[in-house]
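See structure below.
Bear in mind these aren't lab numbers, they're just calculated from the coordinates by the rules spelled out. Just so it is clear, the model here is predicted, and its values are computed rather than measured. Reconstructed Cβ throughout: ideal geometry from the backbone, glycine too, with neighbour counts over all protein chains shown.
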Amino acid sequence: MKRLTAFILLLCMILACISCDNNDESISNESETESVSASESESGSNTEAESKSEVAIESASGEESSIESATESESTEGEGYESDSESESETEVIKPLTEFGQYSSAISSVAESYDRLRQMASAKNTYGKGATCTESELSSTIKSANAIKNGGSILNYKNASKLMEHFLKNSGEDYEIDVEEFLNDENALKTRNEELNLALRACEALAVEGESINVFQKEEVVHHNLTGDWKFAVGSYFTSIEIKNLTVNGNIYSATIVYNVTDFYNWDFSDSNPVFTGLPAMIVGDVSPKDLHELHRAGKAQEFLSHGEISYTVSWFKGSSVSSIPTFNK
């Protein structure tokens, strides 16, 4: 019995030892499993982090590559633009001037003054439309007008006499002014010299080496500075300049310069002051511009266009003035 009991106890101890060993092995296996699982998780996490890091690096690398590519592209475009600019600069042709002051080589004629055209239109509309004065007053005005026409030699107003004669002819035809005679008026000559000096400077600015060009003043210019005979013959007048066959060789210029003088012979209907005073008034009476215009309205005389020109073919050194060029002073 004792033996049986001892044997059972021994068997229980053996079984208990075996059970402990199994438990230890299970725990060990579970621990190893957890360790492996943790290791794999950590490894997976590290792999994922490394993967993300690699993607980020590749992305950053791609962006840097893109930035470098764009920079290179911009640089290339800039170089191309500069190249085009340099190319255009190398092939650009400097165009000569076409305008200088009141002169232009881009036009083919001088524009007529609006003021003169207005005067001519007014005269056309009023001619023969009926005087505003009596027949007796018209007769008195005709006597005074004939006195001006016939008294030119006495008054030393020969040109005033000639133009009055043309007015009384009642034809309305143009009258040709002798510009050389006209320039005997001191103020008319001074005006011509001033205008020609400006024209010479324009020629020097607009001339083109190796070419022959024409240059025109843009518009007629009005003047009110005449004295004596030409004051009564013309009064205010318009001038313009045409420059033909302008050439340059070094600093020597050549051209044909045409100086034009134009006037519309008319009388101011709003002016009732005597045309003449002093001795002339004693000969012709106190006739006024208004009185003489009444003859035009009555159809007994007719206002008209008067004009003339003088031409100079001249060569000069750059900067020369009219006073130093003999052709202008003959």
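Points to keep in mind about this one:
- All Cα-Cα separations within region 99-329 were binned at 5 Å from zero, giving a P(r) of 1, 6, 13, 16, 16, 13, 10, 8, 7, 5, 3, 1, 0, 0, each value a whole percent of the pairs.
- Shown is the FRET efficiency for residue 178 and residue 92, computed with R0 = 56 Å from the Cβ-Cβ distance and rounded to the nearest 0.05: 0.65.
- Prolate/oblate/rounded label for region 129-246 (Cα gyration tensor, a/c 1.5): prolate
- The slack in the chain from residue 311 to residue 146, taken as 0.36 nm per residue of separation less the alpha-carbon distance, amounts to 56.0 nm.
- Each of 284, 322 was scored by other Cβ atoms within 10 Å of its Cβ. Listed from fewest to most, they are 322, 284.
- Take the Cα of residue 236, step 7 Å toward its Cβ, do the same at residue 268, and the gap between the two points is 0.8 nm.
- For the cross-link pairs 158/218; 169/190; 162/300; 129/162, the ones whose C-alpha atoms lie over 22 Å apart are 158/218; 169/190; 129/162.
- Shape of region 109-179 from the C-alpha gyration tensor: oblate (a/c of 1.5 or more and a/b not above b/c, with a ≥ b ≥ c the square roots of its eigenvalues).
- Going from the residue with the fewest nearby Cβ atoms within 10 Å to the one with the most, 282, 164, 120 rank 282, 120, 164.
- For region 98-174 and region 202-250, distance of Cα centres in Å: 23 Å
- As a rough footprinting exposure proxy, the listed residues 293, 223 were ranked by other beta carbons within 10 Å of their own, and the order from fewest upward is 223, 293.
- Label-point separation in nm, residue 121 to residue 321, each point 7 Å along Cα→Cβ: 4.1 nm
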